[in-house]
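Trainee: My questions all concern the structure below.
Each value in this text was obtained by applying a stated rule to the coordinates, not by laboratory testing. What you are looking at is a predicted structure, and each value in this text was computed from that prediction instead of being measured. Note: ideal-geometry Cβ built from the backbone for every residue, glycine included; neighbour counts use all protein chains shown.
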Amino acid sequence: MSLKNSVGLVAPQRFCHNAPLTLKGGGCLPSFELVYETYGTLNASRSNAVLVCHALSGSHHVAGIHADNPGNVGWWDNLVGPGKPLDTRKFFVIGVNNLGGCYGSTGPLSLNPETGKRYGADFPLITVEDWVAAQSKLADHLGIDTWAAIIGGSLGGMQAIEWSLQFPERIRHAVAIASAPKLSAQNIAFNEVARQAILSDPEFHGGHYADHGVVPTRGLRLARMIGHITYLSDDQMDEKFGRQLRNGEHSFSFGVDFEIESYLRHQGDKFAGFFDANTYLLTTKALDYFDPAYAYDGNLAAALARAKASFLVASFTTDWRFSPARSREIVFALMHNRRRVAYAEIDCDAGHDSFLLDDPHYHAALRAYLENIKV
Amino acid sequence: MTHGKLHGTGMNPLTAKERERFDFAVIANWIAAGEHVLDLGCGDGRLLRYLNENKGITGYGVEIDDNSVLGCIRNGIDVIQIDIEGGLSGFEDKSFSHAIISQALQAMHSTERILGEMLRVAGEAIVSFPNFAYRVNREAIAAGHMPVSEDLPYEWYDTPNVRFFTIVDFEALCDKLGIEILERLAFDVFGQPVTDDPNLNGSLAFYRLARKA
């Protein structure tokens, strides 16, 4: 990768919270750890901190590279760095792996202090609210009373919204990209199919596959293949793969004929090689449960009444997973409360994944919005 | 026509900058301090900014054009990027004091729907548009050309305008749609108010509208 405008070499850090955290679902973690990375410098008045929240498969490694694995570039490196839209010369940016994750934060792969074995399926279900609560402990630890901004795409955007509700005084700007105020039935349906793929894998062993020394790779692989279909738009899939053949001819077998099959298998294999199945399960459940309006008879405007942050909401025209209409629900609920909100609907052909790309209007809108934030 | 002196009057038409300030002042005059307003086709948000600075208003702009949306964000204006040709679904009834469309209605196709929606989401609407029947425009047509004037500054082949209408036409449409004209102001290109035959002598028209009771 080019190191131009890169934050360069970064190293993950570890935060230990040695007090119990009660979870929304009823469970309790006696203590927990979060891995995180920081880019830029916290200013003297501690007013320039920005939290980047990751989506389903993301991590704390948002930007830059690790010395021991220079090929592993942060997942939002095109956005975060010196001179980039989220400019690390101005902001102190933090990426954190969420609770229940599989990149080093306390999760199903961690040892359960009560049994001395990996949590596996015994790890409690975590909600978006719990993620935010855990992130707030990290903020306390870093001496950040108020975030200049919290930014996230997809599930990350939900965390930004949740911050504005759980800690209205601690977030000045919420940036929710390709997000939604709750999942639709179709969204939940896709999640359920992905979960069933994992749950029905013979090597799942009720979630205690680690005790058996195996991994439900077939289930994970299928789950990821399904996910990838929903991340791309129909048009883009056609443009990228069409009906192109892998080997130039029809093989009349169940092997790989079409490039799209090859792509999905590759993505599935790659993912199944490193991602934890229990983390996948609980993360999709966190998505399903997120619904701030649930406690307000479905009235999102009433739910968002306590938010004080200014919002930037952005969506992508070809995103059918979290369509522009879902983002507009957030916008109209904020408008009902006369909150400050700017909404950019970006004409981009890459579907849900657009939020990870660098469409010029998208990045220009983010840059303009972030430049106006006073620190 | 050129943008120089007119017909030996010795007066210069307002410059683009003066014209903008003039338009804003006319609209601001109809807005009470602290109102919550909606500006449709808000460009880079400069009208909202003016109203905020001079009247302490709050509100939102609506734009479809990417560069205008960026301009709004840069100007710190709360802009909603949607296409108002499809209406204002999602905007709540009577949630604004005024809905404004300043010299943008002529660039929209769904004229009737937009006027109806403005008076659904706001108690009153403010509409300004260039009067196609202004004397200079008529002279251009009579001479065989599409008009290019102070308030219609585009050549026929690059104009964003899609609806060409006059003060008389607009008032007929308001009548048809059950819209009451609370106030009308017409101005010539010098920024002078026109009372004598505004459809002939007015270059720019401003309306304050409400639903007929």
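Trainee: If I model a spin label at A:Thr22 and A:Tyr296 as a point 7 Å from the Cα along the Cα→Cβ vector, what separation in nanometres do I get?
Mentor: Label at A:Thr22, label at A:Tyr296, 2.4 nm between them.
Trainee: A further question follows. For segment B:16-211, what percent of Cα pairs sit more than 23 Å apart? Write down the numbers at each step before the final one.
Mentor: Values: 7892 of 19110 pairs.
Across segment B:16-211, Cα pairs with separations above 23 Å total 41 percent.
Trainee: Count charges around B:Leu182 for me, please; just the other residues with Cβ under 10 Å from its Cβ, Lys/Arg as +1, Asp/Glu as -1. Don't skip to the answer; put the middle values down first.
Mentor: Values: positive: B:Arg184, B:Arg208; negative: B:Glu124, B:Glu180, B:Glu183.
Neighbour charge sum, excluding B:Leu182 itself: -1.
Trainee: For B:Ala142 and B:Ala25, FRET efficiency with R0 = 25 Å and r from the beta-carbon atoms, rounded to 0.05? Kindly include the intermediate steps, with their values, before the conclusion.
Mentor: Details: r = 33 Å, r/R0 = 1.32.
Result of the calculation: an efficiency of 0.15.
Trainee: Taking chain A as a Gaussian network, Cα atoms linked when under 10 Å apart, which of A:Arg321, A:Arg118, A:Arg172 shows the biggest mean-square fluctuation?
Mentor: Answer for the Gaussian network model of chain A: A:Arg118.
Trainee: Same structure, new question: Defining a contact as two alpha carbons under 8 Å apart and six or more residues distant in sequence, what relative contact order in percent does segment A:94-232 show?
Mentor: 16
Trainee: Tell me what chain B gives for mean residue ellipticity at 222 nm when only DSSP H runs of n ≥ 4 count, each as -39,500 (n - 2.57), the sum divided by the residue total, rounded to 500 deg cm²/dmol.
Mentor: On the way: 7 runs with 65 residues, N = 213.
That comes out to -8500 deg cm²/dmol.
Trainee: Another one. Taking only Cα atoms and a 10 Å spring cutoff, compute GNM fluctuations for chain A and point out the largest among A:Glu249, A:Glu329, A:Glu192.
Mentor: In this elastic network of chain A, the residue with the biggest mean-square fluctuation among A:Glu249, A:Glu329, A:Glu192 is A:Glu249.
Trainee: May I pose another question? What net charge is computed for the residues neighbouring A:Gly27, neighbours being all others with C-beta under 15 Å from the C-beta of A:Gly27, Lys and Arg scored +1, Asp and Glu -1? It would help to have the intermediate numbers written out before the result.
Mentor: Numbers: positive: A:Lys24, A:Lys285; negative: A:Glu114, A:Asp122, A:Glu129, A:Asp130.
So the surrounding residues net to -2.
Trainee: While we're looking at this one, here's another question. Hey, can you grab everything whose amide H is under 5 Å from the amide H of B:Met108? Only 5+ residues off in sequence or another chain; H modelled, so Pro and N-termini drop out.
Mentor: B:Val162, B:Arg163
Trainee: DSSP beta bridges in segment A:31-102, what fraction antiparallel, as a percent rounded to 5? Walk me through the numbers on the way to the answer.
Mentor: Numbers: 5 of 11 bridges.
Bridges in segment A:31-102 are about 45 percent antiparallel.
Trainee: Compute the relative contact order of segment B:16-211 as a whole-number percentage, counting only Cα pairs closer than 8 Å that sit 6 or more residues apart in sequence.
Mentor: 18
Trainee: Mind checking segment B:64-124 for GluC sites (Glu not before Pro) that DSSP puts in a loop (not H, G, I, E or B) and that have at most 14 other Cβ atoms within 10 Å? Before the final figure, lay out each step's value.
Mentor: Values: sites: B:Glu85, B:Glu92, B:Glu112, B:Glu117, B:Glu124; in loops: B:Glu92.
Here the sparse-neighbourhood loop sites are B:Glu92.
Trainee: If you don't mind, there's one more thing I want to ask. Applying the Karplus parametrisation 6.51 cos²θ - 1.76 cosθ + 1.60 with θ = phi - 60° to the phi angles of segment A:306-311, what ³J(HN,Hα) value in whole Hz is obtained for each residue in order, glycine and proline being reported as x?
Mentor: Couplings: 8, 5, 10, 5, 7, 10 Hz.
Trainee: Something else about it: Given the options B:His36, B:His98, B:His145, state which has the largest fluctuation in a GNM of chain B using a 10 Å cut-off (strictly under) for Cα springs.
Mentor: Sorting by GNM fluctuation, first place goes to B:His145.
Trainee: Grab the beta carbon distance between A:Asp358 and A:Thr41, set R0 = 30 Å, and tell me the FRET efficiency rounded to 0.05. If you can, show how the numbers build up before the last one.
Mentor: Working: r = 25 Å, r/R0 = 0.83.
It comes out at approximately 0.75.
Trainee: Let me ask something else about it. For a quick check of your reading of the filter: which chymotrypsin sites (Phe, Trp or Tyr not before Pro) in segment B:143-182 sit in a DSSP loop and have no more than 11 other Cβ atoms within 10 Å? Mind dumping the intermediate values first?
Mentor: Working: sites: B:Tyr154, B:Trp156, B:Tyr157, B:Phe164, B:Phe165, B:Phe170; in loops: B:Tyr154, B:Trp156, B:Tyr157, B:Phe164, B:Phe165.
Of the chymotrypsin sites (Phe, Trp or Tyr not before Pro), the ones in loops of segment B:143-182 whose Cβ has at most 11 other Cβ atoms within 10 Å are B:Trp156, B:Tyr157.
Trainee: Show me, for segment A:231-242, the HN-Hα J-couplings you get by feeding each phi into the Karplus relation (A = 6.51, B = -1.76, C = 1.60, θ = phi - 60°), rounded to Hz, glycine and proline as x.
Mentor: Karplus values, whole Hz, x for Gly and Pro: 7, 9, 8, 4, 4, 5, 5, 5, 5, 6, 10, x.
Trainee: Within 10 Å of each candidate Cβ there may be at most 13 other Cβ atoms; applying that plus a DSSP loop requirement, which trypsin sites (Lys or Arg not before Pro) in segment A:220-251 survive?
Mentor: On the way: sites: A:Arg221, A:Arg224, A:Lys240, A:Arg243, A:Arg246; in loops: A:Arg243, A:Arg246.
Those satisfying the criteria are A:Arg243.
Trainee: Between segment A:57-72 and segment B:49-80, how far is it from one alpha carbon centroid to the other, in angstrom?
Mentor: First find each Cα centre; the distance between them is then 38 Å.
Trainee: Which of B:Asp65, A:Asp297 comes first, and how do the rest follow, when ranked by fewest Cβ neighbours within 10 Å?
Mentor: Numbers: B:Asp65 13, A:Asp297 8.
Going from sparsest to densest Cβ surroundings: A:Asp297, B:Asp65.
Trainee: For the protein assembly as shown, evaluate the Debye formula with one uniform point scatterer on each Cα (no solvent term) and list log10 I(q)/I(0) at q = 0.12 Å⁻¹, rounded to two decimals.
Mentor: Result of the Debye calculation: -1.15.
Trainee: Further question: Can you compute 3J(HN,Hα) from phi for each residue in segment A:360-373, using the Karplus curve 6.51 cos²θ - 1.76 cosθ + 1.60 with θ = phi - 60°, rounded to whole Hz and x for Gly and Pro?
Mentor: With the stated coefficients, segment A:360-373 comes to x, 5, 4, 5, 5, 5, 4, 4, 4, 5, 5, 5, 7, 6 Hz.
Trainee: Sticking with this one: Give me the angle, in degrees from 0 to 90, between the Cα long axis of helix B:167-176 and the longest principal axis of the Cα atoms of chain B, rounded to the nearest 10.
Mentor: Helix B:167-176 and the main axis of chain B meet at about 40 degrees.
Trainee: How high is the relative contact order of segment A:261-375, given as a whole-number percent (alpha carbon pairs under 8 Å, six or more residues apart)? Write out the running numbers ahead of the final one.
Mentor: On the way: 105 pairs, mean separation 25.0, N = 115.
The normalised contact order for segment A:261-375 reaches 22 percent.
Trainee: Here is a further query. What residue among A:Gly156, A:Leu282, A:Phe167 has its Cα farthest toward the positive end of the dipole of the protein assembly as shown, where the charges are +1 on Lys, Arg and -1 on Asp, Glu, each on the Cβ?
Mentor: Result: A:Phe167.
Trainee: Taking every DSSP beta bridge with both residues inside chain A, roughly what % is antiparallel (nearest 5)? Let's see the in-between values first.
Mentor: On the way: 14 of 41 bridges.
If I count the DSSP bridges inside chain A, around 35 percent turn out antiparallel.
Trainee: While we're on this one: Counting only residues 5 or more places away or on other chains, whose amide H sits under 5 Å from the amide H of A:Cys348 once H atoms are built in the peptide plane?
Mentor: So A:Cys348 has HN proximity to A:Thr317, A:Thr318.
Trainee: Could you compute the net charge surrounding A:Leu312? Neighbours are other residues with a C-beta less than 13 Å from the C-beta of A:Leu312; K and R count +1, D and E count -1. Before the final figure, lay out the partial values.
Mentor: Values: positive: A:Arg172, A:Arg339, A:Arg340, A:Arg367, B:Arg74; negative: A:Glu345, A:Glu371, B:Asp78.
Net charge around A:Leu312: +2.
Trainee: Hey, another quick one. Grab the alpha carbons of segment A:27-133, take their convex hull, and tell me the volume per residue in Å³.
Mentor: Values: hull volume 14.4 nm³, N = 107.
Dividing the Cα hull volume of segment A:27-133 by its residues yields 135 Å³.
Trainee: Follow-up question, since we're still on this one. What residues have an amide H closer than 5 Å to that of B:Thr166, excluding those fewer than 5 places away on the same chain, when H is modeled at 1.01 Å from N in the peptide plane?
Mentor: B:Phe132
Trainee: If you find the alpha carbon centre of segment A:14-42 and of segment B:101-153, how far apart are they in angstrom?
Mentor: Here the two parts' Cα centres lie 59 Å apart.
Trainee: Full extension from B:His109 to B:Arg163: what is 0.36 nm times the residue separation minus their Cα-Cα distance, to one decimal in nm?
Mentor: Result: 18.7 nm gained on full extension.
Trainee: Shifting gears a bit: Roughly what angle does helix B:16-28 make with the longest principal axis of chain B, taking Cα atoms, 0 to 90 degrees, to the nearest 10?
Mentor: 50
Trainee: Evaluate E = 1/(1 + (r/R0)^6) for A:Ser184 and A:Leu125, where r is the Cβ-Cβ distance and R0 equals 22 Å; express this FRET efficiency to the nearest 0.05.
Mentor: Details: r = 21 Å, r/R0 = 0.94.
The formula returns an efficiency of 0.60 here.
Trainee: Could I ask something else about it? Starting from the Cα-Cα distance between A:Asp68 and A:His266, subtract it from 0.36 nm times their residue separation and give me the gain in nm to one decimal. Can you show the working numbers first?
Mentor: Working: separation 198, 0.36 × 198 = 71.28 nm, distance 2.43 nm.
Extra length from A:Asp68 to A:His266 when fully extended: 68.9 nm.
Trainee: Between B:Ala172 and B:Asp197, what length comes free when the chain is fully extended (0.36 nm per residue of separation minus the Cα-Cα distance, one decimal in nm)? Each step should come with its number before you reach the end.
Mentor: On the way: separation 25, 0.36 × 25 = 9.00 nm, distance 1.60 nm.
Result for the pair: 7.4 nm of gain on full extension.
Trainee: Which is the longest part of chain A that has none of the chymotrypsin sites (Phe, Trp or Tyr not before Pro) sitting in a DSSP loop with at most 11 other Cβ atoms within 10 Å?
Mentor: Values: sites that count: A:Phe252, A:Phe254, A:Phe274.
It runs A:1-251.
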